[in-house]
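The values are calculated or read from the model by the stated rules, or taken from the named source; none is laboratory data. Keep in mind the model is a prediction, meaning the values are calculated, not measured. Don't worry about glycine lacking a Cβ; one is built from the backbone with ideal geometry, like all the others, and counts go over all protein chains shown.
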């Protein structure tokens, strides 16, 4: 064979491989086995108006079976929308995001998961580990130190946890409240006011936004991460794979006081104790109705979860009885444990979610940050099986709590009261004689310039709507969509703030909304707002 | 005087093409996220070795470039020394999961690999094949040389006294000299 013929054949071989792989990828992506959704191309195609003449011709030639009709109707709807309102079907900006990394249970996940997208291979989980349990233990024994070291470094790069308290301000049980803002500003910006003077697109382009989401530090496993104080008291919840990433001083007090709407005269009915299965009867017998007592018992009864259970598919060294509602919602409040919101798949798309307080749930028309649950019974029912994964049921057992039981859990849930707010009158306005000037100015701002009241209104300071703040205007990331408004009544007791805890202090929360709502508040105004929220 | 024959031991062409094809094809796959079945093992290994300084997509892209470069080197038979260095580096990398992802490559270490572990162990065949193909071009002095013990080439084809070729005194014996290659 002549040399040049050989070279031509070699070149043809290379070109054939490139074309073949490229063709295969086009065919493969978007199929059931692919993690690459066909979003970008599909939407672009759908948003492109069809040439009417071409459509008619195609319509004449094709047989009018139901599949063709269905496709045509869908495309027609999209194309009409695209022509009349192109913004409504804006193509997904695929180039800015990365596909979720391919990994399996236990493997480390990026801390900036909001920059990724993709679909899962399946919606259903499996109770099978990718290795023997002994190997699973050994793997995490090796991985955990490095992981936690990186987590600490990452959190230190995001926040300045100087643990400086606000002088004279305490949570309802007496724990000092931390001062902020503690989110670190980028080096190129010297003050939050300077940052607030920039437009969202400028902040995004220069990557300056200090309140990007927080991801679960190990999202391939995820599940509940308990605060150090809790784990000290409940070593059965010590995880083999990771620990809490927030310092205890920036978390709610443990154990928190518990207030009952039916016994306000008693104040903290627990007298500083953590309510457990061992002591609940002693504390509450004679104070609660039989239904409430049964509901409380159920709230205290552990049930197996995806990773806290008696099987090998677990993240505790020894088999676990599971987790009770009150393990995160200690004393009907929160201990600051976080998990992933059980509202989406793949697991890496799920948002990190802090435990919200159960105090004042009787006032809420909507529960859960993303799922818009409308009743406390339903809330109790679905929370029992937190990850909502039937793929796990054969291993750890089906849902045990039936409707008659969850009703009673709801009965107990509905008497968990807010902490006292002595400076508020019955209409939830400050009593001028009890409030100082800063707090009064804060109230004025709350109802005026700062626009807080537009979402935080009524007796619980919540509108019971979900709002899409479109925070992705400020950073490159996957949109998080609408999230439920959290009530502000008793808010000083439940740091950190926002659904994922990205605002460790009330000061950070004010800075966050000052940026996101483009309020241009002054430094004094922000302090006043914080002073006001400490009264709620 | 001993005359050396030309050390023209050609690389096994088919083996070279086979290596190039596999490297280039599997390398190209890595340019397309979620297409390569080795994606998880490869990216996790690189990320572990870089202390997670490198993210998965960057790791995958770097591997894709590396494997395609090696593949093209094999197919076009160009830059053998560069290809050799890249190849050896890559081969070392392919064995690293056995050490950094032990739990994911063994059923029971170190003698009971799982499917992934076997997949990696088999790379030793690749290593031998690549070594065989590339080394003659990289270290020509260490190429096996066929050396005749007879004085001239003519002595092989034309026996002086018309004796039959089976005469051991006249038939040159060939021996390999100065090499370490499996030929």
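Observations
- One residue alone among A:141, A:158, A:108, A:119 is facing chain B (nearest Cβ under 9 Å) and either at pLDDT 95 or above or farther than 30 Å from residue A:423 by Cα (or both), and that residue is A:108.
- Selection status of residue B:86, touching a strand residue (DSSP E or B) at 6+ places or on another chain (Cβ under 9 Å), surrounded by 15 or more Cβ atoms within 10 Å (Cβ to Cβ) and free of Cβ contacts under 8 Å to residues at least 60 places away in the same chain: no
- Which listed residue, of A:530, A:471, A:462, A:516, is out of contact with any strand residue (DSSP E or B) (no Cβ under 6 Å at 6 or more places or on another chain), under 30 Å from residue A:115 (Cβ atoms) and surrounded by 18 or more Cβ atoms within 10 Å (Cβ to Cβ): A:471
- The single condition from (1) crowded, with 19+ Cβ neighbours inside 10 Å; (2) without any contact (Cβ under 8 Å) to a residue 40 or more places away in the chain that residue A:140 fails is (2).
- Residue list for the range A:7-29, filter: more than 7 Å from chain B (Cβ to nearest Cβ) and either in contact with a strand residue (DSSP E or B) (Cβ under 9 Å, 6 or more places away or on another chain) or surrounded by 15 or more Cβ atoms within 10 Å (Cβ to Cβ) (or both): A:29
- Put simply, of B:28, B:70 the only residue that is assigned to a helix (DSSP H, G or I), at pLDDT 95 or above and more than 12 Å from chain A (Cβ to nearest Cβ) is B:70.
- Residue within the range B:36-46 that is surrounded by 22 or more Cβ atoms within 10 Å (Cβ to Cβ), part of a loop (DSSP other than H, G, I, E, B) and touching a helix residue (DSSP H, G or I) at 6+ places or on another chain (Cβ under 7 Å) present: yes
- Candidate set: the range B:47-77, residues that are farther than 19 Å from residue B:89 by Cβ and over 23 Å from the mean Cα position of the chain (by Cα); chosen: the one surrounded by the fewest Cβ atoms within 10 Å (Cβ to Cβ): B:57
- The range A:192-219, subset in contact with a helix residue (DSSP H, G or I) (Cβ under 8 Å, 6 or more places away or on another chain) and surrounded by fewer than 17 Cβ atoms within 10 Å (Cβ to Cβ), residue farthest from residue A:140 (Cα to Cα): A:193
- Summed over the range B:107-119, the residues that are surrounded by fewer than 20 Cβ atoms within 10 Å (Cβ to Cβ), free of Cβ contacts under 8 Å to residues at least 60 places away in the same chain and in contact with a helix residue (DSSP H, G or I) (Cβ under 7 Å, 6 or more places away or on another chain) give a count of 3.
- Residues of the range A:109-140 satisfying the condition of being more than 20 Å from residue A:216 (Cβ to Cβ) and assigned to a helix (DSSP H, G or I): A:133, A:134, A:135, A:137, A:138
- Residue check, residue A:129 within 7 Å of another protein chain (Cβ to nearest Cβ) and touching a residue at least 60 places away in the same chain (Cβ under 8 Å): no
- Single residue of the range B:47-63 satisfying the filter (within 11 Å of chain A (Cβ to nearest Cβ) and in a helix (DSSP H, G or I)) that is nearest to residue A:146 (Cα to Cα): B:48
- Residue tally, condition assigned to a helix (DSSP H, G or I) and free of Cβ contacts under 8 Å to residues at least 12 places away in the same chain, over the range A:267-315: 2
- In the range A:270-289, the residues that are within 28 Å of residue A:497 (Cβ to Cβ) and surrounded by 20 or more Cβ atoms within 10 Å (Cβ to Cβ): A:270, A:275
- Among the residues of the range A:236-261, those identified as more than 27 Å from residue A:223 (Cα to Cα) and surrounded by 15 or more Cβ atoms within 10 Å (Cβ to Cβ) are A:259, A:260.
- Candidate set from the range A:389-420 (those that are assigned to a loop (DSSP other than H, G, I, E, B) and surrounded by fewer than 16 Cβ atoms within 10 Å (Cβ to Cβ)); member that is nearest to the chain's Cα centre (by Cα): A:399
- Only helices (runs of 4 or more DSSP H) whose full extent lies in the range A:425-536 are considered here, and the ones with at least 2 residues that are touching a residue at least 12 places away in the same chain (Cβ under 8 Å) and over 24 Å from residue A:204 (Cβ atoms) are A:437-447, A:523-533.
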